[in-house]
Amino acid sequence: MNLTQFCGGEDFFDSAKVFNSTNPEFSFCFQHMVFDLVPCVFFLVFSIPYYFVNRNSLNSHIPVSKLFTAKVVFTNLLWLLAFANLGYGFWEYSHDNLVPYVDLVSPLIVGICMALAVFFLNFDRKKGIRSSSLLTCYWLTYCVLWALIFKSEVELLLQNKSLEKRETFRCITFFISYACVIALFIMSFFVDKPPALLPKDPYADEITIQFNNNNLTRVLKPKRQPCPEHSSTFLSRTVFEWFSSMIWVGYKRPLVEDDLWDLNGEDKTARISRHFQHNWNQEKKICLTQETGASDEENLALNDDEEILLEEPTNVDIKQKVPSLFKVLVKTFGPSFLPSVFLRLVYDILVFVSPQLLSAIIAFTSSTAPVWQGYGLAVLFFLTAILQTTAFQNYFHVCYTIGMRMRSAVVSAVYKKAFVLSSGARKDSTAGEIVNLMSVDAQRFMDLMPYINCLWSAPFEILLAVIFLWKTMGPSVMAGVGLMILLVPINGLLANKMLKLQAAQMEQKDERIKVINEILNGIKVLKMYSWELSFKDKVSAIRNKELNLMKKFVYLDVILTFSWSFAPFMVSLVTFAVYLLSDPSHSLDAQKIFVSISLFDLVQFPLLNLPFTVSAVVQAKLSLKRLQQFLNYDELDPKCINEKPDSSFAVEVDNGTFAWDKSDEPTLRNISLEVPKGSLVAVVGQVGSGKSSLISCLLGDMEKTNGKVAVQGSVAYVAQEAWIQNMTLQDNILFGQTMNEEKYEETLDACELREDLKMFPTGDQTEIGEKGINLSGGQKQRVSIARAVYRDADVYLLDDPLSAVDAHVGKNLFDNVLGPGGCLRQKTRILVTHGITFLPQADQIIVMNKGKISEVGNYDELLVKNGDFAEFLRNYAELKSAKSDDELFVDEETKQPPALSRLSSISFPNDEPVDAIVGSPGSMTACKLLQRQRSRLSTSDDLHQTHALYGNENSEKTEKGRVRKLSVEKITEDKLITTETVETGNIKSSVLLMYMKAVGTIASIGLLIGYTFDNVSTVYSRIWLSEWSDEVAKHNGTQNDTGYRLAIYGVLGVSKAVFNLMSSFGIYYGGILASGYLHAKMLDNIVQVPMSFFDTTPLGRIVNRFSKDIYLIDDTIPQSFSGFLETLFMSIATIFAIVFSLPIFGAVILPILILYWFVQRFYVKTSRQLQRLESISRSPIYSHFSETLTGVSTIRAYRLQQSFIQQNEAKVDANQMAHYPNIVSNRWLSLRLQVVGSLIVLFATIFAVIERGTISSGLVGLAVSYAMQITQLLHWVVRSASEIETNIVAVERVEEYANVKQEAPLVVDNQVPLENWPEFGEIKFVNYSTRYRDGLSLVVHNINVNINGREKIGVVGRTGAGKSSLTLALFRIIEAAEGMITIDGLDIAKMGLHSLRSRISIIPQDPVLFSGTLRMNLDPFDVYNDIELWDALEHSHLKTFVSGLVDKLEHKVAEGGQNLSVGQRQLVCLARALLRKSKILVLDEATAAVDLETDDLIQATIRAHFADCTTFTIAHRLRTIMDSTRILVMDAGQVAEYDTPDSLLKAKGLFYSMAKNSGLAS
């Protein structure tokens, strides 16, 4: 049976009736076979993947709705009508009527498909699918194709002849069926009810983020409005119409964070990160299994669904196969990425339809075919363009969404890894490097996703182009293909070189961010030392290396881009030349030229994308390597700490050996100890003996190389350097626990915080600045202790927390918290301490010596042993002092405490009895020795900073002083950390002009000339080809002057290439100049802004400007400008070419351009504001991460990793909530712009049809071929302009910090003091008053003090007295509000800051060191020679230590000086002061946080080497200033007393009461 018999004797397709008729007619058989069954084929093909993709949906069923019922009724009616047609056919057949087979087959298949549609309606309802993509496309296909059947049926009815019963029946059933299909398609514009039950998300959390205060707030239900994407119809999602509501809001007013929608469930970081972590752990286990040969049961014992933060290290002797991050990313995101492959394939196929339509249009204009064909081709052109852009924009949407999810996974994985990094791995991964992993490297994965499909799409497009070119030009095309193949290895070499340059550039970027991070963390010390310029130069040197590498990279990138942009022209030239010269009969007509040109243009797109793809792949490959290396770093062993539930000991260590790194020598050796439950254990020892390391090994922070460690129950940890978060004081104490009012109040009282709360403007709701910036050292430590107390843990590990607080506060803390009568008396406490007075009350004392436990026992036992402990005590017994003076200061009740009576009967190794030490007239009494830790001031100026930072406003308090209720306005008013400003409205023209100025005049002129003549050459080369084709037509296909024509075409192509190279080089080179200028300008300003800026600005926010924003200026903005200028000039040239070919087109181009402008302005307000919101929501991620890195040991000790991970996820989600709408807004714009652009193609082809006979085929080819390009060009003009306006926000943000108000000048030309200034060190405060910031109250008032040269001045005072403010005033960290300070008669306010600060030395309380060499930390300006450096080290008691180092002065100091002890760091600060040899030395509580031994060393050195200097000592230990010349007593910001110590004691005033309270006066 042939097709004619199957159709019942009718021709299946009659081309004459279709193509040669003014009213085309399709046979009924064709209508049934094509128009009926094509939708069925589509439905059957796509129903299978649709079913398998959605069968595992987590959504619950949708309740039956009226909409669903209507859909079911109409769909059932459709299959009933189809089977009615089938039944009628069988009835006719049974009555021996002739029934064509097509009348039986077609209704049968249609009926089956309609019945299947009923099944999928129910399937969608049960799977919670509210709008079906499959059924929507199915009904749409029927609506379009049945419109042609509808035309035929109407024409049949309009004929004046009677219809047969069969025709009448089928006509009725068709009209009813078509009405049902139209109704079903209309119903597709409405979404069904939501599922009855929301699926339980296993990764959901209840954390929402508030941008206005950067604090995480736990709420029961997220208040943010859900994203409307999933509640929209399939058609709305396809054309992004669901996003129009946000575009409209953004057009009417600037968007704010409350306008942002919540993320979709599948886009939330929690779900993504758990999925990624699961696959990563699986990959690690597979690698472990392959390497060790262990069984699956052994290596896969852990539940795969559980998140593994810590993984037991494998045997170091086994070479472990490195887990592949690439495989994990593919496994995690590959299935979601597959739709993009399909969409890209559809787009690539549709792209090659346009050249065939162009060929048909050119043929039509030179033929006599019916005019409907021309209009039909125009409509096909338009519909093809619409389908292309719809597929293309949805392709990009999928790619960018996957890139966004990938970024979330990477950021989360890096954050989690930071918790488990071993101490050795932490040395190899600085904070700057990790920040770059989270910002730059994660961003590169996002940048790669739109290009990744080009790896297969580009060759596929090139292959299709070659096939169609072969059809047009024959074998000649292979010459051009050979040229393209030749370019591949050349570009491969370039790409390899670019990879190496990119790796080197990333190393410099990491180093730069690390140094900037250190500068920001130590900015106060840098200013006091006047080292800002040295460290700024260090950053600048790194930046210059980075820029040089960028230049080399850009040179290669320009060459790469040039080669691929020049390739299409060369391919066309070679192809035309070979085609013409290979056979004299060959000629180039309009059809061959412009179809070939359009195909060459299509080849140009993948060829132009290849450099970007190669570049993106190169960068992503490097980032992948860096991330994989980081994620595979050694981790802490979670099993190094065990539990023994049945043990009577809270802590047990059996023969433990510990090191900070596996490759290092052990820090602790042969450690064995047993700590009974509920006991107080003190750990003592000299500097570097291993006390803090002992605490670290119990926390699991060290590498255990031998032995066993067991800790029973929960742990609370108080670090030596208190870790405070940027949140309220209450939140710092609660630390994630629920509020228990009674316990909270008791904790405040026990930790001496009640008085502090009274001074805070909003009580315990006061926001604590980053790193506790608005708290004193003592306050920070007490908050840290309060956090531990409130935790109610089983074991407390306390690393010398009492050294940072005052004597009486320390005693109260010990008595009320740590001691036998404290609130923790029933807990196990291990206390590292230098406070000898506490030792008699300890149940057990552990003596550390050179990394070993030398002695263990109680106080009496150790004294009897007469070993290291007794030696430890004797080391602090000073044999100078006069008894008469001591008796004056020693309280009667403390002359001979019980501890001394026990000590007096013990003999030391030299047989000198303790009695001789205690009672000897010529020695300091041992009583005085043991009271040393108590001889402190009443506080450490703890509350002074509260007044300084907030003023003296009273807050609303209860009778206990704690704030209960505060208005939002009050809390906001007293907020310390400023909210990051969000600019609104248009980008200021000054920002754009400033960027263009930074690019440079020469580069700007060069790129403008290049772009202009590049496009002039291009347009004229096309006009030249058009004239060439017309000449061929005039001469009946014969070709004349072939060589001349080819030569001119070649010259035009070469000139285009040269100018293209000039413009590309100009834009990228100018971008590097601008980037270098902006970075330098911001850096210069940041190092010279006042300290108040750093007090109120999170460091993460500043780092964000130097990392992400500079990255945008380095890479993204030059690309955006390049794209904008290139497409703008090409668009102007294209419009000129179209109007030149079709002058009538000028009538519509202006309205279309106006429509373009309107759409762009409508969109850009929203896009720009979304970019701003995205930028400011990024900073909290880095701030939180930096905060986490600092306190990682504390977080691990409290086992709060999961809580902090959730906080990080919430902050990433907050950023993605702004980023995702930004992605969608670009797609929304692109789709609409390309639809508008498609109108240009439509009008160009319509005008070509109208002008048929009056216009040459060459001009038609020129106009339509350019019209095909204009859609993409105008779209990219608007997109690039929007990208510039969006990304220029980075320049705006950098410019903001480049213009922050600076401090006074570093040098004032006419106020430079003499070289020997200050000669005498005479200081005068004359009516001096100051405040911390404008708008705050004065912190010191009317200070009038004269300090003679060489005097030793001690500064003391009660809480809030203003002591620290005097130091800051002396260095002009804060400026005078009234009065002045003079040094040797010169007003310090009139001279430059550098002139002042470089002539004064300071030993600060917190010793700050920087990564680099020890030499650099001592002498960053290279002023001193080695002899001077070693002399300073000798006098600062560091010579022996440094001499023992392998690299001596070139020893590498870790970030923050972490590879040196606190005492050693303080001694380095002493060496700095010794080198400077200033006449004025300021000691700002310099020995507050060091042990007694270091204190002795510092005091001895100061007395010996600064005897002829004026010293200004803010005292923490009162005894250290008792030998001062005079003592300045401050009270409430004013001078209360100022005289010699003896006179003040005899006067029995304020100083006397302090001495008495500290046990130094009776």
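Take every DSSP beta bridge with both residues inside the chain and express the antiparallel ones as a percent of the total, to the nearest 5. Each step should come with its number before you reach the end.
On the way: 45 of 82 bridges.
For the chain, the DSSP antiparallel bridge percentage is about 55.
Applying both filters, DSSP loop and at most 12 other Cβ atoms within 10 Å, to the trypsin sites (Lys or Arg not before Pro) of region 132-196 gives Lys161.
With contacts taken as Cα pairs under 8 Å at a separation of at least 6 residues, the chain carries a relative contact order of 11 percent. Remark: the chain carries a charge dipole of roughly 2220 debye about the Cα centre, counting +1 on each Lys and Arg Cβ and -1 on each Asp and Glu Cβ.
With all protein chains kept in place, the per residue accessible area of region 523-630 amounts to 33 square angstrom at a probe of 1.4 angstrom.
Quick one: if the Förster radius is 30 Å, what FRET efficiency do Tyr1044 and Val379 give, using the C-beta to C-beta distance and rounding to 0.05?
Using R0 = 30 Å, I get an efficiency of 0.15.
Within the accessible surface of region 1182-1327, defined with a 1.4 Å probe on protein heavy atoms only, the carbon and sulfur portion equals 56 percent. Each residue of region 12-21 was assigned a 3J(HN,Hα) from its phi angle through the Karplus expression (A = 6.51, B = -1.76, C = 1.60, θ = phi - 60°), giving 5, 8, 10, 5, 5, 6, 8, 8, 9, 10 Hz with x at Gly and Pro. Candidates Ile845, Gln1534, Val709 compared by Cα position along the dipole of the chain: farthest toward the positive end lies Gln1534, with charges placed on Cβ. Highest mean packing comes first when the peptides 442-448, 78-84 are listed by Cβ atoms within 10 Å, giving 442-448, 78-84.
Averaging over all projection directions, find the projected area of the Cα convex hull of region 1160-1219 and quote it in nm² with one decimal place.
Numbers: hull surface 15.5 nm².
Computing the convex hull of the Cα atoms and averaging its projections yields 3.9 nm².
Let me make sure I get this right: for region 82-185, a, b and c are the square roots of the gyration tensor eigenvalues over alpha carbons, sorted descending. Under 1.5 in a/c it's rounded, otherwise prolate if a/b > b/c, else oblate. Which is it? Oblate, because a/c is 1.5 or more while a/b does not exceed b/c. Sorting Val371, Val435 by solvent-accessible area of protein heavy atoms yields Val371, Val435, largest first, with a 1.4 Å probe.
Is the shape of region 648-793 best called rounded, prolate or oblate, per the rule: a/c under 1.5 gives rounded, else a/b larger than b/c gives prolate, else oblate, with a ≥ b ≥ c the square roots of the Cα gyration tensor eigenvalues? Can you show the working numbers first?
Working: a/c = 2.66, a/b = 1.92, b/c = 1.39.
Here region 648-793 falls in the prolate category.
Using a cut-off of 23 Å between Cα atoms, the listed pairs Lys268/Lys1165; Lys500/Lys551; Lys127/Lys193; Lys71/Lys193 include Lys268/Lys1165 as exceeding that distance.
Annotation: lysines with alpha-carbon distance below 28 angstrom to Lys165 (same-chain offsets under eight excluded): Lys17, Lys151.
So how much slack lies between Asn858 and Glu10, counting 0.36 nm per residue of separation and subtracting their Cα-Cα distance, in nm?
Values: separation 848, 0.36 × 848 = 305.28 nm, distance 11.28 nm.
Full-extension gain reported as 294.0 nm.
Using a probe of 1.4 Å, the accessible surface attributed to Thr1525 totals some 60 Å² when neighbouring protein chains are kept in position. Taking all protein chains together, Lys66, Lys865 sort by accessible area into Lys66, Lys865, largest first [probe 1.4 Å].
Please give the peptides 1417-1424, 569-576 ranked by average Cβ packing (other Cβ atoms within 10 Å per residue), highest first, as a rough proxy for protection.
Put in order of decreasing packing, that is 569-576, 1417-1424.
Angle check, please: helix 477-521 long axis (alpha carbons) against the longest principal axis of the chain (alpha carbons), in degrees 0 to 90, nearest 10. On a 0 to 90 degree scale, this one is about 20. Put simply, when 506-519, 1125-1138, 1264-1277, 1311-1324 are sorted by average Cβ atoms within 10 angstrom per residue, most first, you get 1264-1277, 506-519, 1125-1138, 1311-1324.
Entry note, region 1091-1214: relative contact order of 43 percent, from Cα contacts under 8 Å with a spacing of 6+ residues.
Val1291 contributes about 0 Å² of solvent-accessible surface, heavy atoms of the protein only, 1.4 Å probe. As a size descriptor, the averaged projected area of the C-alpha convex hull of region 1131-1231 was calculated at 8.8 nm².
Which links in Lys1081/Lys1452; Lys527/Lys1479; Lys416/Lys691; Lys252/Lys997 stretch past 21 Å when you go from one Cα to the other? Lys1081/Lys1452; Lys416/Lys691; Lys252/Lys997, as the Cα separations exceed 21 Å there. Estimated purely from DSSP H runs of n ≥ 4, each contributing -39500 (n - 2.57), the mean residue ellipticity at 222 nm for the chain is -19000 deg cm²/dmol once divided by its residues. Using the Cβ-Cβ distance between Leu3 and Asn56 with R0 = 45 Å, the FRET efficiency computed as 1/(1 + (r/R0)^6) comes to roughly 0.55. Over all Cα atoms in the chain, the spread is summed up by Rg and Dmax: 40.4, 141 Å.
Restriction of the GluC sites (Glu not before Pro) in region 128-185 to DSSP coil positions whose beta-carbon has at most 13 other beta-carbons within 10 angstrom yields Glu164.
The values are calculated or read from the model by the stated rules, or taken from the named source; none is laboratory data. Everything numeric in this text was worked out from a predicted model, so none of it was measured. Glycine gets a Cβ as well: all are built from the backbone with ideal geometry, and neighbour counts include every protein chain shown. Surface areas here come from the heavy atoms of the whole protein model, side chains and all, with no ligands, DNA or RNA. Shrake-Rupley method; radii C 1.70, N 1.55, O 1.52, S 1.80 Å.
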